[in-house]
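Quick note: the coordinates plus some simple rules give every number you see, no bench work behind them. Everything numeric in this text was worked out from a predicted model, so none of it was measured. Neighbour counts are summed over all protein chains in view; Cβ atoms, including those assigned to glycine, are modelled from backbone coordinates with ideal geometry.
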Amino acid sequence: MQQNSKVTREMKLRTLTTSIRSWAEQRPNDTAVVADDKNWTYQDLVLLANDYKSEFENLHLAEHSPVAVTAKKTVDTLALMIALGELGHTPLVVSPDLGSAVKPEVFLSAGVVYELSADRTTGRANISVSTIQNEKIDADLNTKISKDSPLMLTTSGTTGIPKVVCLSEMGISAFFSWAKSFFHLGHGSKVLSYAPLNFDLSLFDVWATLSAGGAVIFVDPAKATSSDYLISLVQRTQPNVIQGVPLLYSLLCEGNDRLGGGEHDVDHILVTGDVTPKLLRKRMAEMYPDSQFHNVYGCTETNDSFVHTSMANEFSDVESLPLGNPIEGSVHRIVDKDGEITMHGVGELHTSTPFLAQGYTSNQKTLSTFYWDDVEKRRYYRTGDMVSIGTDGVMTLQGRSDHIVKVRGVRTNLRDIECTLAQSNLVEESIVFPVNDEVEGVILHAVVKTNEGQEPNGFTLRLHCSENLPLTSVPRRFHFLNNPLPRTSTGKPDRQAIMNSIEL
């Protein structure tokens, strides 16, 4: 690892890092993060960031280069990211479970050479460094990302190779400002952080909260599906803001019922990432009778775009939650199947928000989904989501324009899972389909016709998928057939007949 000639460092995420240091000076003993039964103050967080800054400088990496950060859900990871921002580096935040087969391609697309992991040993800041050997790294791309983007996130990676989204300094700052105002974040706020750090939800749960001087309450990822753990954590820490996918609330309601917790006092309940079933909404309304409920719509490329706010009665009684109102400064259009803008009926949702990402690291992919409107002088993003506008003007989500569903809030392309399965020598052909589940929202099932002479092996296929896809794209259940898959009159697999023929 060689050190470039010294250049003037340009701090990334200046608004965030200066806010955190300001709180450390003004309110050093205020809690910044609750993790593993320990309260970390703002002073603790800043001191730890200083330690990681010193440790990072000792690595002598190239100035301003983008680096990948393994998104372990620890205070050390937060401190490392703060240090990187202050040193002018652009972090690409990646899941610890990112498949080994796709990781080199993701890093190549982002101009990343090094992956960093914050691993404190014996109480001392320590950074583990993995070098990605790839002669194809684009130096110009590396420079452009470092100059223009303070933070990179990945999409769900339904094709096996997640797209890398470049956020903007202005967009992130605008989002922090909106979130603090809309949800009244500030000193005394306690926000539950359920999502992984590499999810866009953490921009609100973690970073907007810290920017506002509030306290972040970490959910241990290893216990994130334990209803007893979750309800005990909420009862002990008493967050006044909770954001999560429907699975989180299903688990909280389940744990609360079992432990006899009764009603809870939470100011703001945010549901996002998936459709929230009416039965679950009724249980949530009983558990949080005095809360404001917010149905939040958005994606990594646009951040939050629409919010529908309601009290418990409306939240539980309405048949399906509307998308709600565009966030201040956001505009949208509905485009029908003929490419015409429509004000009624069904069409694809295109949005433009103050938080819009710069695009992907791939210019080709950016041009295919982002576009400039010369009349309005703004950029739009094609969401791929189909919405309908009723006679009353209410807009509701209808589904995807392709074979994409949401699994635990992550967009998941069923066809691409099938392509991944086809790469296994066990598989002759397969289909993947979603099954709605009251607890988990959606469970993926795969129906597989094995190649002749191959024994069905769900474990092997699950491992194959986990190495090439995000964990949310790995089918939960495999069904094996000896005979060829049923076909339609056009020769394509008859998905409905196949689904009807298996035992769920």
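Add -39500 (n - 2.57) for each DSSP H run of 4 or more in the chain, then divide by its residues: what number comes out at 222 nm, to the nearest 500 deg cm²/dmol?
After summing the helix terms and dividing by the residues of the chain, the value is -9000 deg cm²/dmol.
Within 10 Å, count the other beta carbons around each residue, average over each peptide in 255-261, 428-434, and list them highest first.
Per-residue Cβ counts within 10 Å, averaged per peptide and sorted highest first, yield 428-434, 255-261.
Can you tell me the FRET efficiency between Glu340 and Lys38 if r is taken as the Cβ-Cβ distance and R0 is 41 Å, rounded to the nearest 0.05?
Once rounded, the FRET efficiency stands at 0.15.
Give me the one-decimal Kirkwood hydrodynamic radius in Å for region 405-501, with the sum taken over alpha-carbon pairs.
13.7 Å
Please give the per residue volume of the convex hull enclosing the alpha carbon atoms of region 179-251, rounded to a whole number of Å³. Display every interim value, and only then the final one.
Working: hull volume 5.9 nm³, N = 73.
It comes to 80 Å³ per residue, whole-number rounded.
Across the Cα atoms of region 1-100, what radius of gyration and what greatest pairwise Cα-Cα distance (Dmax) are found, in Å?
14.3, 44
Suppose a student asked you for the relative contact order of region 343-383, using Cα pairs under 8 Å spaced at least 6 residues apart; what percent would you report?
47 percent
Dividing the Cα radius of gyration by the Kirkwood radius, what Rg/Rh value follows for region 225-400?
Rounded to two decimals, Rg/Rh equals 1.04.
To the nearest 20 debye, what charge dipole does region 14-166 have about its Cα centre, counting +1 at the Cβ of each Lys and Arg and -1 at the Cβ of each Asp and Glu?
Computed about the Cα centre, the dipole is about 220 debye.
At a Förster radius of 35 Å, what calculated FRET efficiency corresponds to the Cβ-Cβ distance of Ser501 and Asn425, to the nearest 0.05?
Details: r = 25 Å, r/R0 = 0.72.
Working from the Cβ atoms, E equals 0.90.
What Kirkwood radius, in Å to one decimal, follows from the Cα pairs of region 340-412?
Kirkwood hydrodynamic radius for region 340-412: 13.9 Å.
Let me have the relative contact order for the chain, percent, based on Cα pairs under 8 Å that are six or more residues apart.
12 percent
Suppose we take every Cα in region 157-316 and form the convex hull; what volume per residue is that in Å³?
113 Å³
Would you indicate which of (i) 68, 57, 54; (ii) 76, 68, 51; (iii) 98, 63, 48 is the value of Cα extents along the principal axes in Å derived from the coordinates of this structure?
Read-out taken from this structure: (i).
Hey, got the dipole for region 405-501? About the Cα centre, +1 on K and R Cβ, -1 on D and E Cβ, debye to the nearest 20?
The calculation lands at about 280 debye.
Cα-based Rg of region 327-484 per 2.2 N^0.38 Å, rounded to two decimals?
Against the compact-globule rule of thumb, the ratio is 1.30.
For region 70-91 and region 373-416, compute the distance between their C-alpha centroids and round to whole Å.
Here the two parts' Cα centres lie 32 Å apart.
Glu319 versus Lys278, label points 7 Å from Cα toward the beta carbon: distance in nm?
0.7 nm
Using Cβ contacts closer than 10 Å as the measure, can you line up Val191, Val439 from fewest to most?
Val439, Val191
Pairs of alpha-carbon atoms within less than 8 angstrom and 6+ residues apart define the contacts here; what relative contact order does region 225-400 have, in percent?
Across region 225-400, relative contact order equals 15 percent.
Would you work out which of Leu485, Ala215, Leu247 lies farthest towards the positive end of the dipole of the chain, given +1 charges on the beta-carbon of Lys and Arg and -1 on that of Asp and Glu, about the Cα centre?
Value: Ala215.
Assuming 0.36 nm per residue, please report the length gained on full extension of the stretch Val331 to Ser128 beyond their Cα-Cα distance.
68.8 nm
How large is the dipole of the chain about the Cα centre if only Lys and Arg carry +1 and Asp and Glu carry -1, each at its Cβ, rounded to the nearest 20 debye?
580 debye
For the residues Ile341, Ile498, Ile242, what sequence is obtained by ranking on other C-beta atoms within 10 Å, fewest first?
Ordered from fewest to most neighbouring Cβ atoms within 10 Å, Ile341, Ile498, Ile242 come out as Ile341, Ile498, Ile242.
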